[in-house]
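The values are calculated or read from the model by the stated rules, or taken from the named source; none is laboratory data. Quick caveat: nothing in here was measured; it's all calculated off a predicted structure. Cβ atoms come from the backbone with ideal geometry, glycine included; neighbour counts cover every protein chain shown. Heads up: the accessible areas ignore ligands, DNA and RNA and are worked out on the full protein's heavy atoms, side chains in. Shrake-Rupley method; radii C 1.70, N 1.55, O 1.52, S 1.80 Å.
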Amino acid sequence: MQGITIALSKGRIFEETRPLLEAAGIRAAEDPETSRKLIIETNRPDVRIIIVRASDVPTYVQHGGADLGIAGKDVLMEHGGEGLYQPLDLGIARCRLMVAVREGFDYALAVQQGARLRVATKYLQVSREHFAAKGVHVDLIKLYGSMELAPLVGLADAIVDVVSSGNTLKANRLVAVEEIASISARLVVNQASLKLAGTSLRPIMDAFARASAVAT
Ligand code: ATP
Ligand code: PRP
């Protein structure tokens, strides 16, 4: 039988996916947090897990490097979703994609005045579309992390990043001023894999659906 490859990222996605994998009878043979291996075998000889960066999950699944993957909606919005079947909202890794500014920065006024807003983010496409739809002119500054720092050192007027508890914003004296999207992680499936190996993928997809429906 053709093997199944599942693309996951370390950290919260792997941790929050673990119960869903269990529900599908899949247990990782090693802990990706401690193992240096990027291909992790499971108790099922026909299933393996590959460990990739969160933002690379859609790319691996799109090009058939993995049959299934789990990625945040933020990552999928930025990727565009081309070539991906997205059958299931897993309701895990919940957060919100927000615009945030320094405390005291008058965002409404800045937007209203029509001056160019400098926005630092790793979500370039999403931000471009969001501000274009509002008719706000922006200079986008690509960052790979620690977005919250940018307004504090004068690199940007605003950031676009995910917010969960709000603790990171608070600790850096930033405030959220606009919500772009409500985010949770989704199951993504390679479209060709579904056609060719649907019979082996379906039971896993169904187990994820049942387990996530119970959890949410
Ligand atoms: P990359 O390594 O590609 O830069 P990352 O460091 O953002 O990605 P994670 O922090 O593991 O990767 O986040 C994975 C996903 O979890 C995000 O795409 C988002 O959907 C969600 N997420 C991010 N931060 C939080 C948070 N604080 N609380 C809940 N969910 C979050
Ligand atoms: C994410 C995100 C924010 C933070 C928001 O970062 O880029 O910085 O989480 O979460 P909060 O609103 O609960 O503070 P990252 O994944 O690097 O940090 P984390 O794992 O510490 O949440």
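So what is the relative contact order for region 95-182, in percent, with contacts set as C-alpha pairs under 8 Å and at least six apart?
Working: 165 pairs, mean separation 42.3, N = 88.
Relative contact order, region 95-182: 48 percent.
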Given LYS10/LYS134; LYS37/LYS73; LYS37/LYS122; LYS73/LYS142; LYS37/LYS170, the pairs whose alpha carbons are separated by over 30 Å: LYS10/LYS134; LYS37/LYS170
On a 0 to 90 degree scale, rounded to 10, what angle separates helix 12-23 from the longest Cα axis of the chain? 30
Report, to the nearest whole %, how much of the accessible area of region 95-182 belongs to carbon and sulfur atoms, 1.4 Å probe, protein only. 49
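Determine, for each peptide in 198-206, 157-165, the mean count of other beta carbons within 10 angstrom over its residues, then list the peptides with the highest first. Can you show the working numbers first?
Values: 198-206: 14.6, 157-165: 21.0.
Descending mean neighbour count gives 157-165, 198-206.
Within the chain, what percent of beta bridges assigned by DSSP are antiparallel, to the nearest 5? Walk me through the numbers on the way to the answer.
On the way: 27 of 42 bridges.
Of those bridges, close to 65 percent are antiparallel.
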Computed for region 95-182: size of charge dipole around the Cα centre, +1 on C-beta of each Lys and Arg, -1 on C-beta of each Asp and Glu, debye to nearest 20, value 140
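What translational diffusion coefficient, to the nearest whole µm²/s, does region 95-182 have by Stokes-Einstein, given a Kirkwood radius computed over alpha-carbon pairs, a temperature of 4 °C and 1.567 mPa s viscosity?
102
Quick one: work out the % antiparallel among DSSP beta bridges in region 80-208, nearest 5. Numbers along the way, then the final one.
Numbers: 18 of 26 bridges.
Roughly 70 percent of the beta bridges in region 80-208 run antiparallel, per DSSP.
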Over region 85-146, what is the relative contact order in percent, taking alpha-carbon pairs closer than 8 angstrom and at least six residues apart? 30
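Among 40-53, 141-154, what's the highest-first ranking by average C-beta atoms within 10 angstrom per residue?
Values: 40-53: 16.6, 141-154: 14.6.
So the peptides 40-53, 141-154, ranked by packing, come out 40-53, 141-154.
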Given H placed on each backbone N at 1.01 Å, which residues far from ALA181 in sequence or on other chains put an amide H within less than 5 Å of it? LEU97
Nearest 500 deg cm²/dmol is fine: what mean residue ellipticity at 222 nm does the chain get from its DSSP H runs of n ≥ 4 alone, each adding -39,500 (n - 2.57), divided by its residue count? -10500 deg cm²/dmol
Across bins of 5 angstrom width beginning at 0, how are the C-alpha pair distances of the chain distributed, in whole percent? 1, 7, 14, 17, 16, 13, 10, 9, 6, 4, 2, 0, 0
Taking the dipole about the Cα centre of the chain, with the C-beta of Lys and Arg at +1 and of Asp and Glu at -1, give me whichever of VAL163, SER35, LEU68 is farthest to the positive side. SER35
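Can you tell me, using C-alpha contacts under 8 Å and at least 6 residues apart, the relative contact order of the chain as a whole percent?
Details: 419 pairs, mean separation 60.0, N = 216.
Normalised by residue count, the contact order of the chain is 28 percent.
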Nothing charged except the Cβ atoms of Lys and Arg (+1) and of Asp and Glu (-1): what's the magnitude of the dipole of the chain about its Cα centre? Round to the nearest 20 debye. 100
Mean accessible area per residue over region 79-188 (1.4 angstrom probe, all protein chains present, square angstrom) is 51
